[in-house]
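All remarks here apply to the structure that follows.
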Amino acid sequence: MSNANEVVVRYLAAWNEPEPKRRRELVAKAWTDDGTYVDAARDGKGHDSLDAMIATAQGHFPGYRLRLASGIEAHHDYLRFSWVAGGTAETPLYIKGTDFVVVAGDGRIKSVVGFVDAAPARG
């Protein structure tokens with residue numbers, strides 16, 4: 001596997017990029033052409049779908065940035081790490097999650113399965 005830190009840095013950069021053209025480029029650097037993402041609220045397959053999914057999430061949570069909240073556990077072609085977003089004066093809603101990643105032979109992400117570990121109760 002390529003460097004696990006680089007994989008996660010590229011992944012978080014794609015989620016955090018607000019500029020559409022740059023975000024699309026980062027998605028292509030982070031995921032394989034047929035890469036996937038799924039969690040309880042969203043899913044995407046392929047660069048166009050993943051980019052649209054991230055743009056939608058950014059629209060729901062303007063100003064939020066994902067930050068690494070754990071070490072990166074890696075073995076074989078698998079990664080696991082936790083992230084946080086919010087919890088600041090500008091973005092008070094606190095969200096925390098854990099992502100499980102399969103890395104392809106070229107060092108890009110083949111698939112992500114995400115879980116939300118902490119979020120406000122739904123009203």
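The values are calculated or read from the model by the stated rules, or taken from the named source; none is laboratory data. As the structure is a prediction and not an experimental result, all values here were calculated from the model. Backbone-built Cβ (ideal geometry, glycine too); neighbour counts: all protein chains shown. Please note that ligands, DNA and RNA were not included when accessible areas were found on the heavy atoms of the full protein model with its side chains. Shrake-Rupley method; radii C 1.70, N 1.55, O 1.52, S 1.80 Å.
Observations, loosely collected:
- Solvent-accessible surface of the chain, taken per residue with a 1.4 Å probe and all protein chains present: 55 Å².
- Neighbour-limited loop hits for GluC sites (Glu not before Pro), segment 1-103 (at most 12 other Cβ within 10 Å; DSSP other than H, G, I, E, B): GLU90
- Summing charges over neighbours of VAL84, with a neighbour being any other residue whose Cβ is under 10 Å away from its Cβ, gives +2 when K and R count +1 and D and E count -1.
- Shape of segment 1-103, Cα gyration tensor, a/c cut at 1.5: oblate
- Charge dipole of the chain (Cα centre as origin; +1 on each Lys and Arg Cβ, -1 on each Asp and Glu Cβ, all else neutral): 240 debye, rounded to the nearest 20.
- Integer Hz, Karplus 6.51/-1.76/1.60 couplings in order for segment 100-105, x for Gly and Pro: 10, 10, 10, 9, 7, x
- Of all accessible heavy-atom area on the chain, the percent that carbon and sulfur account for (1.4 Å): 56 percent
- Taken over segment 15-70, the alpha-carbon convex hull comes to 91 cubic angstrom per residue.
- Long-range lysine pairs (8 or more apart or interchain), the chain, Cα under 20 Å: 5
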